[in-house]
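Asker: Can you keep this structure in mind? I'll have questions shortly.
The values are calculated or read from the model by the stated rules, or taken from the named source; none is laboratory data. Since the structure is predicted, the reported quantities are computational estimates derived from the model, not experimental observations. Positions of Cβ are generated from backbone atoms using ideal geometry, with glycine treated the same way; all protein chains shown enter the neighbour counts. These accessible areas exclude ligands, DNA and RNA; they are computed on the full protein's heavy atoms, side chains included. Shrake-Rupley method; radii C 1.70, N 1.55, O 1.52, S 1.80 Å.
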Amino acid sequence: KNVPLLVFKLPKKEVMKSSELGKEVIRKELPLIPKLPGVYRMLNYKGDILYVGKAKNLPNRLKSYVSEKNHIIRTGRMLSQTFKLEVTTTTNESEALLLEANLIKKYKPKFNILLKDDKSFPYIFLSNHEFPRIEKHRGKKSKSGHYYGPFASAMAVNSAIKTLQKIFLIRSCTDQQVASADKTCFNYYLKRCAGPCGSKISKEDYAKLVEAADEFLSSGKYRKIQKSFSVQMEKASDELDFEKAAILRDKIKSLNIIQSSLKINEANLVEADVIAGYKESGKTCIQVFFYRSKQNWGNQAFFPKHDPDENLKDILNSFVTQFYENKSVPKLIILSEVIKEKNLIERTLSEKENKKIAISVAKKGSKLKVINQAIKNAKDSLTRKLYESQNNRDLLDKINTKFNLKSEINLIEVYDNSHISGTNSIGALITYGEEGFLKKRYRKFDIKTKGAEQDDFAMMKEVLSRRFKRAMLEKGNYLTLPDLIIIDGGKGQYSSAKEVLNEFGLHDLPMIAIAKGKFRNSGNETFFYEGKSFKFEKNDPTLFFMQRLRDEAHRFAITTHRAKRAKGIRKSLLDQIEGIGSMRKRALLNHFGSARSVESASFDEIKSVEGVEEKVAKKIYNFFHE
């Protein structure tokens with residue numbers, strides 16, 4: 001363990017020769033591996049997973065690594081680092097495909113094609129209550145009701161819900177408001193709710209509104225609904241009920257708006273995802289368009305991580321399996337390229353969803369127009385991404401030049417603190433790389449050291465200590481170390497933070513402190529690094545970049561602090577009493593009006609509250625008076 005590890009960068013020919021190390025590992029394991037479908041994992045000497053692959057017949061697939069003489073450079077590099085081989089057998093090839101996708105997402109092996117920025121998409125949700133509620137939903141579909149989606153963004157869902165409320169008057173108020181039926185919600189007066197919360201509508205009439213909303217979201221039969229509104233409007237007008245006619249007129253307008261915003265598609269796609277890729281300069285963008293009920297519900301761009309030499313067909317193949325590993329699958333997937341595992345993926349996704357899934361490549365007609373539009377979007381997104389990455393790279397290099405740093409900067413961590421008179425003290429960490437702000441690496445720290453809550457020096461010390469202590473204890477399982485640290489503060493903050501880095505042996509990790517000018521005005525900052533102070537010209541792009549980093553850390557610290565403070569404000573004194581649940585808490589607050597009134601109440605007054613027996617009343621009284 002104490003022998004230092006020497007790492008040499010080998011020429012291409014030497015890399016190919018060193019691949020014999022991995023081949024020997026595979027040769028030794030081959031006789032023990034059963035002739036079954038499954039998944040194999042290549043591991044390095046540290047136990048990190050380098051690559052996850054699947055096979056219909058594990059020994060046959062692994063033999064190809066041993067028998068082939070001229071591997072591509074990427075495979076040669078992988079074999080040169082392979083120290084161990086692990087296999088997991090499965091009952092069939094489809095199971096192996098799903099397991100492979102799951103393991104790739106979980107471990108993110110360096111030699112696999114990786115789907116980055118993977119996340120769940122929002123849906124519109126209609127509950128199964130007597131008076132169903134409309135709301136935005138993200139995550140597992142565990143609640144009973146109807147789900148419509150996915151939509152590409154929360155903004156698209158919110159906009160659609162707002163318009164649907166105008167048309168169909170579906171409630172968004174809480175179940176408690178409806179159950180009490182004593183107060184009409186504000187949306188009723190805005191003509192966005194039928195008013196079940198104030199008993200303004202019967203269950204039968206409300207059910208008709210829900211049925212119409214479901215028909216629109218499920219089948220996109222907007223013309224039928226529009227015609228129904230038109231007939232009702234003419235009837236109301238004939239009966240001189242001009243107020244009702246005006247409401248129906250507004251509904252028809254809203255229906256036209258939602259048709260326009262959801263872009264009814266000419267390809268008549270009822271339930272399909274359109275997936276198109278574009279590759280340039282060793283990078284790829286994949287665009288996914290969601291079509292449901294003959295409507296385009298938005299699109300999302302993805303930038304998978306892969307070797308520059310990977311071809312687009314293989315990238316799309318890996319993308320599809322990883323993308324649908326934890327998402328519902330539409331009946332039709334339209335691709336811009338033919339993928340080699342089309343039949344296997346179709347079969348696997350059909351079994352997963354318990355319905356027939358078809359994968360096709362658009363070659364002509366309206367579907368080709370749709371796929372060409374998706375390819376154009378992928379190309380435009382990739383062009384912007386490459387431009388931004390180049391700009392980011394230039395700015396990172398300019399920081400390196402300005403402060404004469406010893407090594408290239410690829411990852412920056414910025415720290416800031418926030419508190420009000422020592423309350424709800426928060427430390428914040430944000431991260432920036434070539435691709436911009438890396439939100440997945442943002443972290444907040446609740447300050448725990450007693451007496452440090454309003455001491456900026458002590459707060460910074462605690463935050464850095466906790467961050468780097470965990471990094472040392474959980475190597476490989478926590479945030480990797482940055483190439484540069486930036487902190488908000490002057491010489492004192494710099495010295496205090498530097499002590500922490502030195503304690504962890506991070507003497508060579510560069511750190512810069514940003515001190516505001518004399519009048520705390522932007523543009524007059526002083527930067528401290530290695531005992532020297534630095535200034536920028538007021539119009540220097542590098543100054544603007546560093547201000548942007550500092551301001552983002554400050555924004556994150558402030559918003560996190562406010563969220564913590566708001567949570568504290570919402571928490572009642574009654575929450576601190578063990579055994580007082582939500583029902584008793586509500587009963588006490590309804591009876592006394594506030595927690596402070598409970599505090600000043602006598603034991604007999606507390607005992608008189610419905611649902612609060614003598615034993616509990618005594619506990620509450622003692623909590624406030626002992």
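Asker: Output the peptides 373-379, 481-487 sorted from most to least packed, where packing is the average of other Cβ atoms within 10 Å over each peptide's residues.
Answerer: 481-487, 373-379
Asker: Turning to a different aspect of this structure: For segment 28-170, what does the relative contact order come out to in percent, with C-alpha contacts under 8 Å and a separation of six or more?
Answerer: 21 percent.
Asker: I need the peptides 34-40, 316-322 ranked by packing, meaning the mean over residues of other C-beta atoms within 10 angstrom, with the highest value on top.
Answerer: 316-322, 34-40
Asker: Let me ask another. Quick one: if you take sqrt(5λ) for each eigenvalue of the C-alpha gyration tensor of the chain, what semi-axes come out, biggest first, whole angstrom?
Answerer: Semi-axes, largest first: 48, 41, 27 Å.
Asker: Whole number in Å², please: accessible area per residue of the chain, 1.4 Å probe, ligands, DNA and RNA not counted.
Answerer: 55
Asker: Now a separate question. List the relative contact order of the chain as a percent without decimals, with contacts defined as Cα pairs under 8 Å and 6+ residues apart.
Answerer: 8
Asker: Accessible area of segment 362-431 with a 1.4 Å probe: how many percent of it is carbon plus sulfur?
Answerer: 49
Asker: Okay, helix-only estimate at 222 nm for the chain: each DSSP H run of n ≥ 4 adds -39500 (n - 2.57), divide by all residues, round to 500 deg cm²/dmol; what do you get?
Answerer: Helix contribution divided over all residues of the chain: -15000 deg cm²/dmol.
Asker: Going by average Cβ density within 10 Å per residue, which order do the peptides 274-282, 244-252 take, highest to lowest?
Answerer: The peptides rank, most packed first, as 274-282, 244-252.
Asker: Leaving out ligands, DNA and RNA, and with a 1.4 Å probe, what % of the accessible surface on segment 80-228 is carbon or sulfur?
Answerer: C and S atoms contribute 51 percent here.
Asker: Calculate, for K105 and D48, the FRET efficiency according to 1/(1 + (r/R0)^6) with r their C-beta to C-beta distance and R0 22 Å; round to the nearest 0.05.
Answerer: Given R0 = 22 Å and the Cβ-Cβ separation, E is 0.90.
Asker: Which of the aspartates and glutamates could be linked to K615 by a straight reach, that is with a Cα gap under 20 Å, when you skip same-chain ones fewer than 8 residues away?
Answerer: Partners within reach: D575, E578, E599, D604, E605, E626.
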